[in-house]
Amino acid sequence: MSGLSGLREAWAQTGRPVRAASLGMWSAGGLGTVVGVVGDQLGWWDDRPFLTNLMSSLVGALFGIPLALIVLRRVTAVEGRRTERAEALHLARVTAERLPADLAPLCLDRRLAEQAGGILRRLDDELLAGLVDHRFGPALAEALIVWTEAVGLCGAGLLGGPPARDVLRDAEATWRHLRRDVAPRLRAHGVSWPSRATADRVDRLLADVDAFLRDDPGEVHHLAEAARMTLSERSIDPLVAIYADEYAVLGGIREQVGSLSAGVTAAVALLAAVDQLGPDLPAPHRNT
């Protein structure tokens, strides 16, 4: 049944001129068959072996050529689609491998970057959340020590400044190529990659990292230096010099910690997201 279904589908997909020619050849083949059978009965071919063979070959060709043409056309079309799908998947895999390579220089040491992100979240969620006194004391000292540690880890784990923005710009160009050129080719072959959720996540993370890299890094380092001076002098005067008001110190620290924490978290998450793009691709022989 599958063979007959395939033939019916191939016939339905065949153009009208070819179908008309095929019907004409099959009709001629049928007429030739009738003539041949009658000739056998009447002995027309008894002393004409060459004509017998010629007539038989002609009738066979009239039946076989249209069938072969239709079947071969379908086989060629199927193989063509399979080849195009494999080529689209190959291009997608190359692009999926290129994107993490483009972003790799952004993270000098992912382990240190992840460690910095964890410290900053702890600082934001626990140490600063419980800090209510703007005066120097053990709680503020612990928060400042953790802050300087996190800033050091960020500097060792993540690239910053114009070089980092150049890296991100190259990665964004590769991502645009993937979204605008590669993904539509795959969808034409029934492959939904990347998924809508993944694409939206990468878009959002790229925007978050871009915003993070556009922030003035000097503010982070100024606060880190003021934190070291505060710890050394056991006085918040260096912090007040930054924020101009001792009552604005805690709010200013929280703002810097929250901004750096969000940026580092976005950068680490972006690297993890693009690393997963390649494994999410189906194998070339799969139809999903």
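The values are calculated or read from the model by the stated rules, or taken from the named source; none is laboratory data. Here the structure is a predicted model, which means the values were calculated and not measured. As a convention, Cβ positions derive from the backbone with ideal geometry for all residues, glycine included, and neighbour counts pool all protein chains shown. Note: areas computed on protein heavy atoms with side chains; ligands, DNA, RNA excluded. Shrake-Rupley method; radii C 1.70, N 1.55, O 1.52, S 1.80 Å.
Miscellaneous remarks
- All positions within segment 106-131 that are touching a residue at least 40 places away in the same chain (Cβ under 8 Å), part of a loop (DSSP other than H, G, I, E, B) and closer than 23 Å to residue 240 by Cβ: 128, 131
- Selection count where residues are in a loop (DSSP other than H, G, I, E, B) and open to solvent by less than 90 Å² (accessible area, probe 1.4 Å), scope segment 217-243: 2
- Selection within segment 106-118 - aliphatic (A, V, I, L, M) and surrounded by 19 or more Cβ atoms within 10 Å (Cβ to Cβ): 106, 113, 116
- So residue 197, is it over 30 Å from residue 231 (Cα atoms), surrounded by 18 or more Cβ atoms within 10 Å (Cβ to Cβ) and small (Gly, Ala, Ser): no
- From the options 206, 140, 158, residue that is open to solvent by less than 50 Å² (accessible area, probe 1.4 Å), in contact (Cβ under 8 Å) with a residue 60 or more places away in the chain and farther than 28 Å from residue 109 by Cβ: 140
- Out of 185, 180, one residue alone is within 24 Å of residue 282 (Cα to Cα), assigned to a helix (DSSP H, G or I) and out of contact with any helix residue (DSSP H, G or I) (no Cβ under 9 Å at 6 or more places or on another chain). It is 180.
- Of all residue pairs spaced 6 or more apart or on separate chains, those with beta-carbon atoms under 8 Å, a first member in segment 83-105 that is over 19 Å from residue 199 (Cβ atoms) and a second member that is at pLDDT below 95 and part of a helix (DSSP H, G or I) are 105/163.
- Cross-chain or 6+ apart pairs with Cβ under 7 Å, segment 268-288 first and surrounded by 13 or more Cβ atoms within 10 Å (Cβ to Cβ), then modelled with pLDDT under 80 and part of a loop (DSSP other than H, G, I, E, B): 282/288
- Some residue of segment 47-58 being of a type in the set (Phe, Trp, Tyr), surrounded by 11 or more Cβ atoms within 10 Å (Cβ to Cβ) and either over 30 Å from residue 171 (Cβ atoms) or at pLDDT below 70 (or both): no
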